[in-house]
Each structure stands twice: as C-alpha cells, then as structure tokens.
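Undergrad: Following this message is one structure expressed as structure tokens.
The values are calculated or read from the model by the stated rules, or taken from the named source; none is laboratory data. Only a predicted model underlies this, so the values are computations on that prediction, with no experimental measurement involved. Note that we place each Cβ from the backbone using ideal geometry, even for glycine, and neighbour counts take in every protein chain shown.
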Amino acid sequence: MNTVIMIGRLTRDPDLRYIASTGNAVTRFSIAVDRAFAAKDAEVTADFFNIVVWGKRAETCVNYLAKGRMVAIRGRLQNNNYTDKDGTKRYNVEIIAEEIKFIDYGDKKQGNKENSEFDGVDEEGYRAMQDDDVPF
C-alpha cells in the first residue's frame, strides 16, 4: 500500500507544462508541511515535498493556487532515479497527487479569496451551508 495524505502551504507558484508527445497537462509545485513537534524553546520546523499533478486537475491547480495557499493532498510516493551530466546517480521522491482539496483559494489573478466567484465551493462544485441553513 502506498498512500500519503498531507496538508501544507505552497512554497512557490505551480508550474504547468504539457507533454509534447501526448498533450497531457502536468503541474509541479512544492508544499511545506509543519512538523507536529519541536525541540524545547525551538521554532516549529517544516518538511518540504514536491507534488506532481496530472490532467485536468493540473490545469485547475495552476488557475487557482499560488504561493502561500493551503492545500490538502492525497496521493502516492514515487521514487525517481537518474544519472546527471556528470555521471552521478541522483534520486528524488515526489508525491503524485490523486486528490487535491483547496483549503484556501480564489482566482490567482485576484489575489484574495473574498473576491472569487468560487469562494466556499470545493473541487466538485459543492458550496458549504451556513449554520442557519441546517434544518436540525
């Protein structure tokens, strides 16, 4: 079983590219995830993870996410290895996102979520109910 779930903030804007041979969209970004513990009298530290998103989700991420925004990600770890120009064997680990939830988001161009037409709408298009609207 290979499943990862994490919540973190983007450390840079998403980068969208298209695979020339297939036309598939792929977006890459990284997130910082706070550690749940810290040494006595020390600041909480974070771990940094590289995220890869494919297809329509990749295009959605690049349109609505920006550096500093918080996301929840469910996916799988993938270990890649390659040999660089100098002949040195390199390794990197990425998280291939299978599901992404925007925890705070809006149109990236608008800069704040209060002005977004998608405020309060999740990835599937559902809007959260107000407490006064709940019938019980």
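Undergrad: Hey, among the residues in region 52-71 that are small (Gly, Ala, Ser) and exposed (fewer than 15 other Cβ atoms within 10 Å of the Cβ), which one's farthest from residue 26 (Cα to Cα)?
TA: Across region 52-71, the extreme among qualifying residues is 68.
Undergrad: A further question follows. Give the residue that is farthest from residue 3 (Cα to Cα), with candidates limited to residues of region 66-85 that are within 19 Å of the chain's Cα centre (by Cα) and among the β-branched types (Val, Ile, Thr).
TA: Taking the candidates together, the pick is 71.
Undergrad: Further question: So, in region 83-100, how many residues would count as being among the charged types (D, E, K, R) and either in contact with a helix residue (DSSP H, G or I) (Cβ under 8 Å, 6 or more places away or on another chain) or over 20 Å from residue 31 (Cβ atoms) (or both)?
TA: 5
Undergrad: Can you work out which of the residues in region 35-51 that are surrounded by 11 or more Cβ atoms within 10 Å (Cβ to Cβ) and part of a loop (DSSP other than H, G, I, E, B) is modelled with the highest pLDDT?
TA: Step by step, filter region 35-51, then rank; the result is 45.
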